[in-house]
Amino acid sequence: MSGAAMEAGRTLAMGQDEAVGGGRRSVEAPFGRALARLGHSHPNIVGLTADLGKYTDILPFRDAFPDRFFNVGMAEQNLVAVAAGLARTGKVPFATTYGVFATRRAYDFVAIALAHSNLNVKIVAGLPGLTTGYGGTHQAIEDLALMRMIPGLTIIDPCDATEIEAATEAIAAHQGPVYMRLLRGSVPVVFEPGYRFEIGKARRLREGSDVGIISTGFMTERALDAAEALQKRGISAGVLHVPTIKPFDAEVVAEFAASVSRVVTAENHVVVGGLASLVIETLFDAGLLKTVTRIGLPDRYIECGAVPTLQAKYGLTTEAVIATIAAPDHDPEKWKPVFGKDHGQTKS
């Protein structure tokens, strides 16, 4: 990759996301790179930001198509309203900001200006969950719960650089409003080229019989690494990656849960209202009685601090997933069919 391309997408003063573990090849600004490529074949695509272009990796698109890029300033409600107006003229707006601002600050605009009219706007939201150390003002830890309540809004939580690029292409082709979480800066590669992303589809990445880990976002990387380590301890762990929160692939989730003795959910989000809630709702609707252990963030504001330290404290690490599943009280002989037991993710 050229130095210019790296500089165009690099996150600087606000600090780079520390979303996924080390040891893997990474790609710089996969979202911006993918959007810039799409811009050549899709002349109706336009880019917008609320004064966060450098920090949401959209600069590669801006540099390639300066006449199709708009910075509305620090005004997230205006960002959504302007995007809605552009969509009504036939454009396909990609609007970037932080998840906390796209959800908490512009929620009514997303619900009414976009979803109510089914407008073709794509909101790409940085700093999802616990990927920044700037505390409760910047950590979008409840965005999935909020956004899945909006009718007709597609919601995506990609795992890695490969899936971000594939999802960007998919949502550009999708007709209707989308909210996609963004891992920014230098994003590791978990899925190799050729990985197929399809809106609304979950993907079984690893077979297992003792425990089934249902994960989304960067927690899928943790789940895969944990499953490999658990195999050496005699625990067979399957992994189901669910990149689309809405529409939710309930059929595949139920099928996966039925094939294992125990279910563990893993998400970079509070354990209330996001992936875990969707899984438990799905099991209830399917009449499946399974032990469900939820790995995620507690229902509280997270403090400021170094991202690796915070992720370790709140259980969003491979080691925490391993420890949760391999804990003595998770002995397969003791697993009983009950709902909602939590381990390790609610400590203060």
ask   = Counting only protein heavy atoms, what percent of the accessible surface of segment 159-217 is carbon or sulfur at a 1.4 Å probe?
value = 41
Fraction of beta bridges assigned by DSSP in the chain that are antiparallel (%, nearest 5) = 15
query = What FRET efficiency would be calculated for the residue pair K201, S26, taking the C-beta separation as r and a Förster radius of 35 Å, to the nearest 0.05?
reply = 0.85
request  = Please name which of Q175, S26, G200 has its Cα lying farthest along the dipole of the chain towards the positive end, using unit charges on Cβ (Lys, Arg +1; Asp, Glu -1) and the Cα centre as origin.
outcome  = Q175
key: Virtual spin-label span in nm between A173 and F284, 7 Å along Cα→Cβ   = 3.6
ask   = What ranking do 138-151, 157-170, 280-293 get when scored by the average of other Cβ atoms within 10 Å per residue, highest first?
value = 157-170, 138-151, 280-293
query = Once the other residues with Cβ under 9 Å from the Cβ of V260 are scored (Lys, Arg +1; Asp, Glu -1), what is the net sum?
reply = +1
remark   = Rh (Kirkwood, all Cα-Cα pairs) for segment 79-224, Å, reads 15.9
remark   = Computed about the Cα centre, the charge dipole of the chain from +1 Lys/Arg and -1 Asp/Glu charges at the Cβ has a magnitude in debye, to the nearest 20, of 220
request  = Take the alpha carbon atoms of segment 55-84, find their center, do the same for segment 177-242, and report the distance between the two centers in whole angstrom.
outcome  = 31
inquiry  = Rounded to two decimals, what is the ratio between the C-alpha radius of gyration of segment 203-314 and 2.2 N^0.38 Å?
reply    = 1.05
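How long are the semi-axes of the ellipsoid equivalent to segment 35-122, from square roots of 5 times the Cα gyration tensor eigenvalues, in whole Å, largest first? Could you put the intermediate results ahead of the total?
Working: eigenvalues 80, 49, 17 Å².
Gyration-tensor ellipsoid for segment 35-122: 20, 16, 9 Å.
Provide the gained length on full extension for the span T89 to A327, in nm with one decimal, where the gain is 0.36 nm per separating residue minus the Cα-Cα distance.
Values: separation 238, 0.36 × 238 = 85.68 nm, distance 5.63 nm.
Difference between extended and current length: 80.0 nm.
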Per-residue [θ]222 nm for the chain (sum of -39500 (n - 2.57) over DSSP H runs n ≥ 4, rounded to 500) = -9000 deg cm²/dmol
Normalised alpha carbon radius of gyration of segment 149-200 [divisor 2.2 N^0.38 Å] = 1.16
query = Leaving out ligands, DNA and RNA but keeping every protein chain, what accessible area does S186 have, in Å² rounded to the nearest 10, with a 1.4 Å probe?
reply = 40
message = Given N residues in the chain, what is its alpha carbon radius of gyration divided by 2.2 N^0.38 Å?
response = 0.95
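The values are calculated or read from the model by the stated rules, or taken from the named source; none is laboratory data. Keep in mind the model is a prediction, meaning the values are calculated, not measured. Cβ sites come from the backbone with ideal geometry, for glycine too, and all protein chains shown count toward neighbours. Protein only, heavy atoms only, side chains kept; ligands, DNA and RNA dropped before computing areas. Shrake-Rupley method; radii C 1.70, N 1.55, O 1.52, S 1.80 Å.
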